[in-house]
1. Going residue by residue through region 86-102, is there one that turns out to be closer than 14 Å to P163 by Cα and either crowded, with 19+ Cβ neighbours inside 10 Å or under 59 Å from the mean Cα position of the chain (by Cα) (or both)?
2. On the basis of being in the same structural domain as G201 (by TED's automatic domain parsing), at pLDDT 70 or above and more than 19 Å from E294 (Cα to Cα), does Q122 make the cut?
3. Give the residue that is surrounded by the most Cβ atoms within 10 Å (Cβ to Cβ), with candidates limited to residues of region 548-604 that are assigned to a helix (DSSP H, G or I) and of a type in the set (K, R).
4. Out of A439, A472, A476, A507, which single residue is in a loop (DSSP other than H, G, I, E, B) and at negative phi?
5. So, of the residues in region 394-418 that are outside any helix (DSSP H, G or I) and at negative phi, which turns out to be surrounded by the most Cβ atoms within 10 Å (Cβ to Cβ)?
6. Go through region 483-513 and give me each residue that's free of Cβ contacts under 8 Å to residues at least 40 places away in the same chain and either β-branched (V, I, T) or within 23 Å of G626 (Cβ to Cβ) (or both).
7. Restricted to region 218-271, and to residues that are of a type in the set (K, R) and modelled with pLDDT of 70 or more, which residue is farthest from R195 (Cα to Cα)?
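The values are calculated or read from the model by the stated rules, or taken from the named source; none is laboratory data. Predicted, not measured: the structure shown is a model, and the values here were computed from it. So basically every Cβ, Gly included, is an ideal-geometry build from the backbone, and we count neighbours across all protein chains shown.
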Amino acid sequence: MQFIKQAIKSSVNFFDRLPLYARFGVALLFPVIVIVWISVFNILELRQSVAQLSRLTTDLKLVTEAGQLVGNLQQERGYSVLSLKSGDPKFQQRLSTSRQASSQQLQQLQQALAETPVDDQQSAIYKNLVEILRSLARLDDIRERVDNRSVTAGQIVGYFSAPVDQFNAQISRLSRDTNVSSFARQLNAYFILNRLRELLGQERVLIGTALSDGSIEHHQLRDLIYLTGRQHSLLVGLQNQTQYADKINLVATSTDLRAELVESDQPARLLSETELDNWFVQQTKLIEQVQQVENRIIASIQQQAGDAYASAHNELWRYLIISPLALFSSLFFAWLIVRFVKRRMLLLDKVFMHSHDRITVSDAEGNIVDVNPAFTRMTGYSKEEVLGRNPRFLQSGRQDKAFYKAMWNSIIRHGVWQGELWNRRKDGELYAELSSISAIRDNHGQIQNFISMSSDITERAVAHQRELEHQAYHDALTGLPNVMLVRDRLEHALSLASRGTEKVVVASLDIDNFKRINSRFGHVIGDKTIECMAKRLRAMLRDGDTLGRVSGDEFIFIIEGEKNQRNIADLLDRIRRRASQPMSIDDRDVVITVSLGATQYPEDNHDADTLIRHATQALHLSKRKGRDQVNWFDAEREREQTQLTQLIKDLKGAMHRQQLVLYYQPKVDMRTCRIVGAEALLRWQRADGSLVPPGDFLPHIENHPFSIEVGDYVINQALSQIEAWQQQGIELPVSVNVSAQQLLAEGFVESLQRQLNRYPKVAASAFEIEILESAAIGKIDEAAKVIERCKALGVSVSLDDFGTGYAALDYLKRLPAQVLKIDQSFVRDMQRDDADMAIVKGIIGLARAFGFDVIAEGVETPEQGRVLIELGCYVGQGYGIARPMPAAELPQWLNTWKCPDGWHS
């Protein structure tokens, strides 16, 4: 181990003795090798990618031509069979046209193959397509036999289906052999569509033959069922392959005759009622639609392949051009760096030797290894006298051990320390220096050296110290005490007041609309306004009182020794009136007013910082109330605000921990006993499982902006639950309560739209918002617009607790809701209280008159349900049906709930 360390040390010493250029050359050798190797590797890889993309582009062109030929052969197969079976001249004419198209497309494919460059690595697709074309040499022969009617329909199908299957096999091979996933998926979709088109073509021949014969055999029905299953399998596979899958859904609905033939007991009658020509044209159009989607997919693939080839080709040329340039540029810049470092080292040496400031370099143990000539001029010690010594021999003794301990802690922890030091020269004279000490670390974070730079500041040290002390405790503009000094004096005043009966008043004063003064007259006039206000306030306060400037245009003052509360109030009001008098500054009349906030000890029994904060809060209250007034701190209001702040904090934590949960109360059509929906109700479930009643937290935040965040959370949870139930096979609309704060908030409809988009499987009609009828009375026009926009999204809207607010007939006419919910307070006592019964009847009558649906809350007994049904209210919810329950319990309730006797129609 020792030998290895010695060898490494010797190698490092040898490297350090090499010329600068040699050291840079050795250091750059390995990076140059790496750059060359990476460039060559990338160039070879890009060449391979370009070749693969070129071959893919060629194969795509051939496959496209082959796909077009497949379509022509399928059509010719269908017309050949129908012409043979029916002998209808119009089918013979269409067969002639189809043959011309097939022959033309066959020539185009042959031409494409001929134009394809032939090399040793020719693709298997090219070779197989050549073999398939050879198999089509008998095409003219089979056509002649069709014309002479010397061939059967089965022979026609067998001849044409063979090359079609071979062509489709090549399309499948291309999708399997493609390494690019984006191409492979689309090619696979293209293959599926080819197979689907062939199955549709076989179905066209099979049913067309049956229509021509007027009957269908058992084996033909079996083949038809087999084709149907294959088509549906391909459609299922297509769903995950391409964005065009939805375009093929019509396949499942456009072959009604197929389904009727499979299911009918009298297929011959169906065949006799269907006209062969109309059905054949319809099926042909369906096949053409499939082929159109094929063409769009293959066009997209060709575009992407072309773009990828161009990109790879350009990238290859960039590598061929840029890599050598980058290498030579790197070497050139390395040479420039060597020159720069050499000149830099010479410059640093000159700076070190000619610097006016003392520079001291120490090792990791703090011992001096080098000093500059300025060190000798400042301390009187020569370089030879201090080498190897610790700089602590210069200490004067005016700064204690704690000072130096803190200094070295800062250097070790932060790497630097700056400040003033008092040291002693060689002749014993004390001097002050402004010093900066930095720690120099190696790549492993270990300290190697300390560098200290100092300048002699003895002449101004004392004056500077006094100036710093004054600046630390006074405002620069007005010369008044700053908040630190005000706090110290307030603490002293509180300690004196705690021993007697005197009061201590802390007041905060602010110039109203001070920004307008700055914007109108400029900051110079603004600063002079602050100075004038400071003089004015100083003249109004007694010698024993304290006046300070906190920041900007805000002042704070402390009044001590006053016992009478009325005198204090009169003094503050007098200060407000005198401070609000106009000022004349630089021949400009500045009209101002001031606002004050105050608190007093011992009524507000807190520490100095809290009293200052309370005075500032009272000042802000004066601002909100209209300015130019005095307001006292209200401890009770502060406690309420603190409690609300804590409640919001707890609720945010509960949302983060998923402790805010939704319970669901079912809604039932009492005539049919059908469950028509559920209302989502927010519950706060603590970690111990206990539930916090909604009344303990929802009313406290309903007027706070945080209620919007809670409302968005509830909507999101409800939509998520609807989607989860749908996955279980439960289709159950859900309604949520929306507060007026959330309904009328800017961007509510947009937020609702985003949340609906987040759950695309949930239909908007499965979601309903419930608003209190009183929520929109103050801004009915705005509320009506919002509700109309919600309805445009497909979301239902109901008026909750109807009858408890202040609604008028005009209100119902203008508000475009869909459902009225009768408040449970009327339903509960309607059988005992004639007034409640009249209200329930009136609400039901209003609902009918204005076209609203109606639902009753608070159905607690079967008898109440029967009465509501008789009155014409058929939908209800309440404890008599089900209590609110967690989402996990609802499926079991749905399976076990039974309708009370007498509710059925």
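1. In the first step, residues of region 86-102 are kept if they are closer than 14 Å to P163 by Cα; the result is 102.
Now narrow it down to the ones that are either crowded, with 19+ Cβ neighbours inside 10 Å or under 59 Å from the mean Cα position of the chain (by Cα) (or both): 102.
Looking through region 86-102, at least one residue is closer than 14 Å to P163 by Cα and either crowded, with 19+ Cβ neighbours inside 10 Å or under 59 Å from the mean Cα position of the chain (by Cα) (or both).
2. Working: in the same structural domain as G201 (by TED's automatic domain parsing): yes; at pLDDT 70 or above: no; more than 19 Å from E294 (Cα to Cα): yes.
In short, no.
3. Quick first cut of region 548-604, residues assigned to a helix (DSSP H, G or I) only: 565-579.
Going one step further and asking which of them are of a type in the set (K, R), we end up with 566, 574, 576-578.
Details: R566: 7, R574: 11, R576: 19, R577: 12, R578: 13.
Applying the filter and picking the extreme gives R576.
4. Numbers: A439 fails: in a loop (DSSP other than H, G, I, E, B); A472 fails: in a loop (DSSP other than H, G, I, E, B); A507 fails: in a loop (DSSP other than H, G, I, E, B).
Step by step, each of A439, A472, A476, A507 is checked, and only A476 is in a loop (DSSP other than H, G, I, E, B) and at negative phi.
5. Here is the first cut: in region 394-418, the residues outside any helix (DSSP H, G or I) are 395-400, 415-418.
Narrowing further to those that are at negative phi: 395-396, 398-400, 416-418.
On the way: Q395: 13, S396: 15, R398: 12, Q399: 15, D400: 8, V416: 12, W417: 20, Q418: 12.
The extreme case among them is W417.
6. Scanning region 483-513 gives no hits.
7. Applying the first criterion (of a type in the set (K, R)) to region 218-271 yields 222, 230, 247, 258, 269.
Those still in the list that are modelled with pLDDT of 70 or more too: 222, 230, 258, 269.
Working: R222: 19, R230: 9, R258: 18, R269: 31 Å.
The extreme case among them is R269.
To keep it simple, each residue is scored yes or no on (1) modelled with pLDDT of 90 or more; (2) closer than 30 Å to D853 by Cβ; (3) part of a helix (DSSP H, G or I); (4) not basic (K, R).
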position	(1), (2), (3), (4)
G653	no, no, yes, yes
L662	yes, yes, no, yes
Q665	yes, yes, no, yes
A678	yes, yes, no, yes
I708	no, yes, yes, yes
D712	yes, yes, yes, yes
